[in-house]
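Each reported figure results from applying straightforward, stated rules to the coordinates on display, with no laboratory input. None of these values were measured; they are calculated from a predicted model. Using ideal geometry, Cβ is built from the backbone for each residue, glycine included, and neighbour counts are taken over all protein chains shown.
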Amino acid sequence: MDIVKIIGVGLVALILIIILKQYKPEFAVYASIIAGIIILIMLMDKLAAIVNLLTNLTNKTGTGSSFLKILLKITGIAILTEFAVSICKDSGENAIASKIDLGGKIIIISVSIPIVTALLELIISILP
């Protein structure tokens with residue numbers, strides 16, 4: 001099971017970070033970043049399978065790939081933002097974390113405007 005591997009990497013990283021904070025606190029952040037990257041790499045197969053499934057569904061429905069691309073961008077922005085916010089919070093930089101979080105939300109809203117516009121146009125075309 002993949003979750004057991006992910007939990008294992010997380011717990012090993014946690015123990016390493018706790019030890020590093022006692023002796024070399026400046027290296028604890030690096031260990032956290034490396035653990036996060038390892039976990040993301042472990043999830044790449046699952047993410048690729050999800051993208052392939054969504055691509056196949058999009059091709060079958062004929063809705064076009066533009067909405068899928070936007071949804072994948074939004075998902076990527078959310079994942080990367082959460083990763084960066086977590087690292088900042090682990091480092092004790094809550095102010096920077098909240099600014100990154102706000103930036104990610106604003107970018108997600110700006111990227112999603114074409115979907116909202118298409119949805120509103122569809123609603124207007126249905127209404128008499």
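Candidate cross-link partners of K73 among the aspartates and glutamates, defined by an alpha-carbon separation under 20 Å and a same-chain spacing of 8 or more, comprise D45, E82, D101. Taking the longest Cα principal axis of the chain as reference, the axis of helix 25-61 is set at about 20 degrees. Sorted from longest to shortest, the spans of the Cα atoms of region 1-61 along the three principal axes equal 57, 23, 11 Å.
The sum of -39500 (n - 2.57) across all DSSP H runs of n ≥ 4, divided by the residue count of the chain, sets its helix-only mean residue ellipticity at 222 nm to -33000 deg cm²/dmol. With the convex hull drawn around the C-alpha atoms of region 63-128, the volume per residue stands at 71 Å³. A straight chain from L80 to L57 at 0.36 nm per residue would run longer than the Cα-Cα distance by 5.8 nm. For the Cα trace of region 49-91, dividing Rg by the Kirkwood Rh returns an Rg/Rh value of 1.21.
Taking the longest Cα principal axis of the chain as reference, the axis of helix 65-90 is set at about 20 degrees. This model, with +1 at the C-beta of Lys and Arg and -1 at the C-beta of Asp and Glu, gives the chain a dipole about its Cα centre of some 80 debye. In this simple spin-label approximation, S66 and L43 carry label points 7 Å from Cα along the Cα→Cβ vector, and these lie 3.0 nm apart.
Just need log10 I(q)/I(0) for the chain at q = 0.14, 0.22 Å⁻¹, Debye formula, equal scatterers on the alpha-carbon atoms, no solvent, rounded to two decimals. Once normalised to I(0) and log-transformed, intensities are -0.81, -1.26.
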